[in-house]
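Here's the structure, in structure tokens; my notes come after.
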Amino acid sequence: MVKIQKLSAVALLVGAVFMTTACNEKDKTAAPAAETQAASTANADLVKDPSYAVGVLLGSDLKGLVDSQKEVMNYDQDKLVSGVKDALAGKVDLTKNQELQKTLTDLNEKLSKATEAKAKEDAAKAAEAAKQAQADGEKFAAEFKKQEGVKETQSGLLYRIQTPGEGETIKPEDSVKVHYTGKLPNGTVFDSSVERGQPAEFALNQVIPGWTEGLQLVKKGGKIELVIPPKLAYGDQDLGTIPANSTLHFDVEVLDVTPAKK
């Protein structure tokens with residue numbers, strides 16, 4: 001497998017030269033049924049041939065490169081194949097062909113500029129989302145704070161106990177088993193053990209500060225509603241589904257508590 005991995009690295013090296021990883025990447029979708037069937041019915045003799053297998057390996061890497069850059073560069077498949085054939089046949093030597101080197105250098109610059117532009121665009125969008133999240137969170141917290149039964153801790157955590165629970169007070173070192181639903185101020189659910197149908201278990205001191213503080217306010221069997229300000233959640237981290245500076249709204253039920261071992 002060492003030789004196969006080295007051969008694959010050749011194709012990946014091309015991607016490194018072109019700065020593939022910095023380009024805009026999108027989630028891969030499942031292959032169409034026709035492609036899947038064609039692959040499964042490939043010539044039985046060919047699939048057993050090492051030369052064909054290595055060709056497929058290199059072609060797969062090259063396809064990944066082309067797909068990742070398609071928004072910046074539209075490659076001609078026939079010319080790609082011609083280039084591979086000429087290189088294999090020894091008709092062209094990249095190390096000695098200055099025109100080819102210049103072509104690759106120009107392409108690299110084009111991809112680099114596209115990468116920088118995309119990074120600036122993403123940063124601007126993230127900054128705008130963080131600003132909006134901050135405003136939405138402050139508004140939501142102010143309205144929630146006015147509701148009946150809502151209390152606030154010194155840290156700024158807002159909470160409302162629906163069921164206090166019974167038993168010993170939960171400590172930060174204890175492990176808890178909970179069902180929860182986490183929402184953004186606009187009502188978007190970003191995580192829910194309830195929807196998954198599988199409770200979550202973790203040590204209380206291994207989660208965000210708002211949870212560590214909030215779950216100590218109830219006991220086993222307790223239910224609590226938490227509105228957690230950014231400083232007690234993920235702060236200025238942008239987690240994709242959770243923008244930076246987000247206030248988080250949780251409904252939590254403590255199903256079980258396991259005291260920490262002494």
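The values are calculated or read from the model by the stated rules, or taken from the named source; none is laboratory data. Model, not experiment: these values are computed from the prediction. With ideal geometry, Cβ positions are generated from the backbone for all residues, glycine too; neighbour counts draw on all protein chains shown. Side chains included, ligands, DNA and RNA excluded: accessible areas come from the protein's heavy atoms. Shrake-Rupley method; radii C 1.70, N 1.55, O 1.52, S 1.80 Å.
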_I'm trying to understand the selection: among the residues of the range 134-176, which are under 14 Å from L215 (Cβ atoms) and open to solvent by 70 Å² or more (accessible area, probe 1.4 Å)?_
Q162, P164, E168, T169, K171, E173
*Please enumerate the residues belonging to the range 42-91 that are touching a helix residue (DSSP H, G or I) at 6+ places or on another chain (Cβ under 8 Å) and under 16 Å from L104 (Cβ atoms).*
L62, L65, V66, Q69, V72, M73, Y75, L80, V84
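What strands (runs of 3 or more DSSP E) completely inside the range 155-213 contain at least 1 residues that are without any contact (Cβ under 8 Å) to a residue 40 or more places away in the chain? Spell out the reasoning first.
Numbers: elements: 158-163, 175-183, 189-192, 200-203.
Filter on the range 155-213 gives 189-192, 200-203.
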*Any chance you could count how many residues in the range 56-95 are more than 22 Å from K113 (Cβ to Cβ), of a type in the set (D, E, K, R) and under 29 Å from the mean Cα position of the chain (by Cα)?*
2
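I'm checking my understanding of the structure. Among residues of the range 180-222 that are farther than 26 Å from A142 by Cα and touching a Leu at 6+ places or on another chain (Cβ under 7 Å), which one is most open to solvent (accessible area, probe 1.4 Å)? Steps first, answer last, please.
Restricting attention to the range 180-222, the residues satisfying the condition of being farther than 26 Å from A142 by Cα are 193-206, 219-221.
Subsequent filtering for residues that are touching a Leu at 6+ places or on another chain (Cβ under 7 Å) retains 199, 204.
Values: P199: 33, L204: 0 Å².
Among those residues, the one meeting the criterion is P199.
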*Pick from the range 180-203 the residues that are over 14 Å from P243 (Cα atoms) and of a type in the set (S, T, Y): which of them is farthest from the chain's Cα centre (by Cα)?*
Y180
*Within the range 228-242, track down each residue that is part of a loop (DSSP other than H, G, I, E, B), closer than 14 Å to K183 by Cα and in contact with a Pro (Cβ under 9 Å, 6 or more places away or on another chain).*
A233
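Can you name the residue in the range 52-87 that is of a type in the set (D, E) and in contact (Cβ under 8 Å) with a residue 40 or more places away in the chain and, of all such residues, is least open to solvent (accessible area, probe 1.4 Å)?
Here is the first cut: in the range 52-87, the ones of a type in the set (D, E) are 61, 67, 71, 76, 78, 86.
Still in the list and also in contact (Cβ under 8 Å) with a residue 40 or more places away in the chain: 61, 71.
Details: D61: 36, E71: 117 Å².
That would be D61.
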*asked:* For the range 223-259: of the residues being among the charged types (D, E, K, R) and either out of contact with any strand residue (DSSP E or B) (no Cβ under 6 Å at 6 or more places or on another chain) or on the phi > 0 side of the Ramachandran plot (or both), which is most open to solvent (accessible area, probe 1.4 Å)?
replied: K231
*Going through the range 108-120 one residue at a time, which ones are closer than 24 Å to G235 by Cα and either open to solvent by 90 Å² or more (accessible area, probe 1.4 Å) or over 19 Å from the mean Cα position of the chain (by Cα) (or both)?*
K120
